[in-house]
Structure formats: structure tokens, C-alpha cells
Amino acid sequence: MGETMQSSVFSVDVEDWFHILDIPGAPPISDWAGLPSRVERNFSTLLDLFDETGVKTTCFFLGWIGERFPHLVREAASRGHEVASHGYAHRLVFEQSRQEFCEDVTRARRLLEDIAGASVRGYRAPGFSTTEETPWFFDVLADAGYEYDSSVFPASRGHGGMRSGRREPHRIGADGKLMEVPITVAELMGKPMCFFGGGYLRLFPYWLIRRMSKQVLAEGRPVVFYVHPREIDPAHPRLPMSRKRSFKSYVNLDTTEWKIRQVLRDFPVTTFQNVISHYPSLVNAHVS
Ligand SMILES: [Zn+2]
């Protein structure tokens, strides 16, 4: 083989169609159990796709989903994927107090570890909602038993976003106890943007996603790809929202599975745990 392409990360935020954030029509947690769920079917489709293409991924489970559908957590673990945490109740970080956030992430970690029978090392915040206003975020995660985080969105965005955030994986928090693997941004015409997950992955044409992924790899960073199970389900129910949000939430649901297949064909991907173990600066930095 010629040059080996470094591995990127493929991740899934395991939640349902009604977990779209920050819209007036979003149902409260007390209503969730009464809504028709699509996550079992959609997540199973993703797991089959991963088996078919032979890739291992990191699955950030919402604690509420794990509690209600524990077999999905076990299924992911038994098929070789990394079980990680998306918190329990899907609340934006900056809308919680430090104490509330600590309780939410601790509850989710314990619950998912009990179900998976393995340690849960990673966390991703709903909506990448850690900001400059929540400086305690990294210390709370480390104290709650997490080893790495992938919540920093190092550019502007609707909710969350840390424009000052570093783009490459790095150590952060007191004594550098936590590893941060930020959401990937790449510059297009001088503007840092994410092409690698959610509405962005659905909106942009694949040739552009591919080109920007290569650019990131050439800069020596792994690409962090991310999807939600609902994004491969064009028939999922819709929530009431503004026209702008509706476009962003539902554009191109019918071509996302195809795009995921292209990504998995063109780029070697693996779990966060595996990628982190290949970054000496992450593993050794705080041993001094
Ligand atoms: Zn989420």
C-alpha cells in the first residue's frame, strides 16, 4: 500500500426524531414516552450499514434512549461499537447550572455503563452547546468520570459554538485531565464551516464534503463525522418550526444514507477511543 490515510471518526448521536433542539414546538421530556418512536428501526439500519461496510463507530446514546431501549445499547456494544454518552435529558449545556449538568452527565454515564457492561469514556453535548459562558464544562466532565469530550464547535453557530476553540484534538480542563476532540471545521473561502455532520452533511453535495474532508486530513486532523438515526428516515414525523429551521432539520433526508455510504467507502473511520490512542500528544501531554 502507498501512503496510509489516517483514520477519522464516525459517530452517531443516538436519539429520536422528536429530540430536535431549541424550537418552541419541541415536546417536553414528560411527553417523550407517548410519542411514536423511530429510533429502533433507524438505528438498526445504521448498525447493518456499519456491518456491511465493516466499520466500528462511536455511539453517543442519550441516557433516556438507553433506559427505554437498553437492547440498542447492548446491540451496539456486541457489534463492536463504542458506547458513549449524549447526557440523559438532552438539555442544552448553557441552560443548565453546573450542578444540574453534573447530575445529568453522571446519571447518563452510570446508566449506560450498567447496560453496556463496559466503561463509558466519552461525552457529546446536545447541540454542541458548550460555550464561553460555561467554563466549568470540562472540569465537571472529568470529575464525572469522563475521559474525553467531543462537544466543542470551534466556529459560530445557532446555539453553542466557541469561536476561540482550538480545531485539533487537545487536552483541556484542570491538569489537562480531559481530551477534547472538537467537531471538525474546515475553511471555505476564509470561513470556518462544518461539512461533516447533521444539516451540513445533508445540505452540501458529496463532492464538496469529500474535498473538505481531504483538506482536513492534509492539515493533520482527523475528520469527526456525525449523524443522527432520524437523518436516514425521510418518513419520520415532523415537528412544528420556522421555515428556516424546518429546512435545516429536514433537507435531503432521502439522500443521507447514500452519502454515509460514500463517506465510509472513501475514508477509513473508526471509534474515538481508537483515534485518541493514536495521538501521542493526547495520551502523554499531561504526564509531567
Ligand atoms: Zn442530540
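Among the helices (runs of 4 or more DSSP H) confined to the stretch 1-85, the ones with at least 1 residues that are of a type in the set (K, R) are located at 39-53, 63-68, 70-78. Scanning the stretch 88-130 for residues that are within 12 Å of the ligand (Cβ to nearest atom), at pLDDT below 95 and not hydrophobic (A, V, I, L, M, F, W, C) yields a total of 2. The set of residues in the stretch 208-229 being open to solvent by less than 10 Å² (accessible area, probe 1.4 Å), part of a helix (DSSP H, G or I) and among the hydrophobic types (A, V, I, L, M, F, W, C) consists of I209, M212, V216. W64 meets each of the listed conditions (1) within 20 Å of Q96 (Cα to Cα); (2) more than 18 Å from the chain's Cα centre (by Cα) apart from (2).
Do you know which residues across the stretch 131-157 are without any contact (Cβ under 8 Å) to a residue 24 or more places away in the chain and within 16 Å of the ligand (Cβ to nearest atom)? Across the stretch 131-157, there are no qualifying residues. Residues being under 27 Å from A118 (Cβ atoms) and in a helix (DSSP H, G or I) are represented in the stretch 231-243 by at least one member.
Of the residues in the stretch 163-180, not one is within 16 Å of the ligand (Cβ to nearest atom), in contact with a helix residue (DSSP H, G or I) (Cβ under 7 Å, 6 or more places away or on another chain), over 20 Å from D104 (Cβ atoms) and of a type in the set (A, V, I, L, M).
The residue of the stretch 72-82 that is farthest from the ligand (Cβ to nearest atom), among those that are under 21 Å from V181 (Cβ atoms) and touching a Lys or Arg at 6+ places or on another chain (Cβ under 9 Å), is G80. Filtered by the rule that a residue be in contact with a Ser or Thr (Cβ under 6 Å, 6 or more places away or on another chain) and either within 16 Å of the ligand (Cβ to nearest atom) or acidic (D, E) (or both), the stretch 214-271 gives V224, Y226, E231, I232. Within the stretch 13-38, residues that are open to solvent by 30 Å² or more (accessible area, probe 1.4 Å) sit with their Cβ atoms under 9 Å from residues that are among the small types (G, A, S) and within 13 Å of the ligand (Cβ to nearest atom), at 6+ positions apart or across chains, in these pairs: D22/G127; D22/S129; I29/A89.
The values are calculated or read from the model by the stated rules, or taken from the named source; none is laboratory data. Quick caveat, the model's predicted, so the values are computed rather than measured. Positions of Cβ are generated from backbone atoms using ideal geometry, with glycine treated the same way; all protein chains shown enter the neighbour counts. The area values use the complete protein model at the heavy-atom level, side chains included, leaving out ligands, DNA and RNA. Shrake-Rupley method; radii C 1.70, N 1.55, O 1.52, S 1.80 Å.
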